[in-house]
1. Can D:L10 be described as facing chain C (nearest Cβ under 8 Å) and either of a type outside the set (G, A, S) or within 22 Å of D:A96 (Cβ to Cβ) (or both)?
2. Here is a check on your reading of the model: is C:L15 within 7 Å of chain D (Cβ to nearest Cβ), part of a helix (DSSP H, G or I) and under 30 Å from D:T111 (Cβ atoms)?
3. Only one residue in A:A82, A:A141, A:A135, A:A61 is of a type in the set (G, A, S) and in contact (Cβ under 8 Å) with a residue 12 or more places away in the chain, so which one is that?
4. In the list A:G260, A:G284, A:G289, A:G269, which residue meets the criterion of being buried (at least 23 other Cβ atoms within 10 Å of the Cβ) and away from chain B (no Cβ under 14 Å)?
5. Taking the conditions exactly as written (in a loop (DSSP other than H, G, I, E, B) and more than 8 Å from every other protein chain (Cβ to nearest Cβ)), does D:M1 satisfy them or not?
6. Among the residues of segment A:98-107, is there at least one that is under 30 Å from A:A293 (Cβ atoms), more than 14 Å from chain D (Cβ to nearest Cβ) and surrounded by 21 or more Cβ atoms within 10 Å (Cβ to Cβ)?
7. Can you name the residue in segment C:54-101 that is among the polar types (S, T, N, Q) and facing another protein chain (nearest Cβ under 8 Å) and, of all such residues, is nearest to D:A67 (Cα to Cα)?
8. Cβ-Cβ below 8 Å, separation at least six or inter-chain, first residue in segment D:102-117 and closer than 19 Å to C:G22 by Cβ and facing chain C (nearest Cβ under 8 Å), second of a type in the set (G, A, S) and in a loop (DSSP other than H, G, I, E, B): which pairs?
Amino acid sequence: MNLLNDPIHFIAQWLQGLLTGWGLSLVLAKVILALISITVTILFAMALAIFLVWVERKVVARFQDRIGPNRIGPYGLFQPLADIIKLIGKEDITPALADKFVYNLAPVLALASVILLWAILPLAPNIYGVDLNVAVLYLVAAGALGTLSIIMAGWASNNKYALLGAFRTVANMISYEIPMVLVLLIPTLLAGTMSVKGITEAQSPTWFFFLSPLGALIFLISAVAELGRSPFDLSEAESEIVAGFHIEYTGMKFGLFYAGELLHAFTFGGFTAVLFFGGYRFFGLENLGPLVAAAIFLVKAMFGYWIIMWIKYTMPRIRIDHMLAFNWKFLTPLALTVLMVTAVMEKLLAGTSPWIYSLGLFLANLAIALATIEILHAFGKWQRKTEASTKPALQAGQYYEEQNP
Amino acid sequence: MQNGWLYIGLFLIVGIIVPILPLLFSRLVAPRKPNSIKQSTYECGIKTVGDSWVQFKAPYYVFALVFLVFDVEAVLLFPWALMLKRLPLFVALEGILFILILVAGLVYAWRKGMLEWL
Amino acid sequence: MSIPLSWFLILSAALFCIGLFGVLARKNAIAILLGIELMLNAVNINLVAFWRYLDPAQMAGQVFVIIVFAVAAAEVAVGLALIISVYRRRNTVVADEIDMMKW
Amino acid sequence: MTPVQIVFILCAVLILGSALMVVSTRKLIHAALWLIVTLFGVAILYAILEAGFLAVVQVAVYIGAIAILFIFAVMLTRRELRDKSPQLRKNWGAAALLGLLAFAGLAFLVTSQPGVGRTAAAMPDGLDTVQALGKSLVSPQAYLLPFEVVSVLLLAALIGAVYIAFTRKS
């Protein structure tokens, strides 16, 4: 272990030696080390969130054929810092009728629920917080805390818009949690473990994306919905409920919600990479050293984040009834089908060679996709036919004549 | 394993403290001049009418209900999915039976028109 | 682990009794269900403690807890649906006023 | 006092304090939020007891679904019962007495049993509790039947709840 190859563990060992050298017990030294590593991880995540503000603004500008922030620093890189200074300097307005404690707790919890995810994110083969054996469920549990923070924010603001926005968001989030949890079962059963590190290691011949492309797609869609981003951003439909659940939040408290949202999107990009795209693995390149592996992971996560942004800035907002119907009548049945088919195919092909195994699973997914498209096609045709037979299309002036006989 | 949970606990504590810091800092530097108009509920400049904690329509509850049942189901499937690789084929069929029983519930709710937002 | 088993059992007994108090003393039917949740959690603590202290290789305790989770979910779903249904007809959630079936 | 004991005591104070708030606080929504604190405390207890799967499921199912359902139900039924009226029945004193008596009885029973002072043995080596749990849930010799019955129970709950609450008025 040397400084150039693996600086993080080198420094950790050195610090541990230093602390025990001062006469501290080994347990205490380990706790202090853990605290230091936690603080570093969280500060890294926060710095990343600040950087993501810049990325987001630059990318959306490119999507919309603009330049984006370009005044402060090279390429406008210091723009988020200026934003933060502005947010910190803003007056913190608390509505007089708000439920003070819950109102103040909600943004903290919103950001903390995202930060908690970084405890299990494996950046490299030996850079990770903790390798839980229930990590996949831990992801769901942290999401539950996020949902809670939104309900708390909406309720404590004492504002009808906030409450409506919060309820819409929560209805949306909990609905899309079902396909997401169902799809999380797929990497679990393919890898035979729930630890994210184990799942990363299990993708050694083929990424799970190739074994279950539909699963990856459903995961991405439900992740976008979980995040409450466009096209599922009903929580902040400006024309209907103004800013949604964070309408009463000003200054840095709003900033926490915003940072939490961006970091959440990036983290989900990271989890997409871990669960379906091999995490820090990339054709053996990860063996060069932990820093290289971490870089690979971050690039993959950034790619996932970029796709989420791409969806956000391309799609228009969906109506709430459409959104819930899309989830319950399409995504959930599809996720259940994919799960069942993957389970059976996995068992049937278990003894065969890796090539046949991968190809079989891939073809099964393809068959499901084709069948789905055919069913949707037939259903759409049928619906158009019934609508045409029951309600003839209006001729010009017909509506007026009907109303004024 | 307990060490892992200790780590998560520390992570939770630090993860709550770190977001509080900018709020405290902002409290120090930001101006504070509250008045009653500023602190009133923001509803686009129109005076607030009635209680803010309004009553909600029932479909929210239906979706929460279906979610609850399927969430429990999906969570219970995790031990099954975990062991699938190590056990024979009929285990997969058990899980599928488990799923299909619940799909009946989804179909029922669908047929009753409970999944419509009306 | 250096915690005596009795600590867990006493904590769970206390939680159970608080839940019992909630069930008996609250007016609101939803609050009564909250009390029942507390009691179920007390039971769960007992089950997990016995699993850990008696024989961790025997999974009966954990399986029971999982079944209690499912039962709690079912109970909450049906219980709250009943309360909402009564509320929509009778416009009340006070348990004492829901007395049509008393005689 | 070992560190684990200190954590346990803090956790017990959290659980019992928030449970008391659940049964005594006036605003129903606050009671639901305090219930969430209690549930979280119980999840920490599970983590102390090295039942990681249950701790995570406790947060995911209890806080993420059941507590949310409670909050929704509170929101759906709050037109009539104002939070200003007293929330406790008139005979709450008797209920409190009964609770105390029950606690005294249970505590006496618990402490008088032999072997409750024991501390836990170390976990057996190489035992992955989640895998053992999965194995016992799907093996016909163990708990396959309860596992499938849970599915039927959830189905019944879903159908029943949907039927009870939302038969549309004609």
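1. no
2. yes
3. On inspection, the qualifying residue turns out to be A:A135.
4. Of A:G260, A:G284, A:G289, A:G269, the one residue that is buried (at least 23 other Cβ atoms within 10 Å of the Cβ) and away from chain B (no Cβ under 14 Å) is A:G269.
5. When the stated conditions are applied, D:M1 passes them.
6. no
7. It comes out as C:S85.
8. none
The values are calculated or read from the model by the stated rules, or taken from the named source; none is laboratory data. From a predicted model like this one, the values you see are computed outputs, not experimental measurements. In this analysis, Cβ positions are derived from the backbone assuming ideal geometry, glycine residues included, and neighbour counts consider all displayed protein chains.
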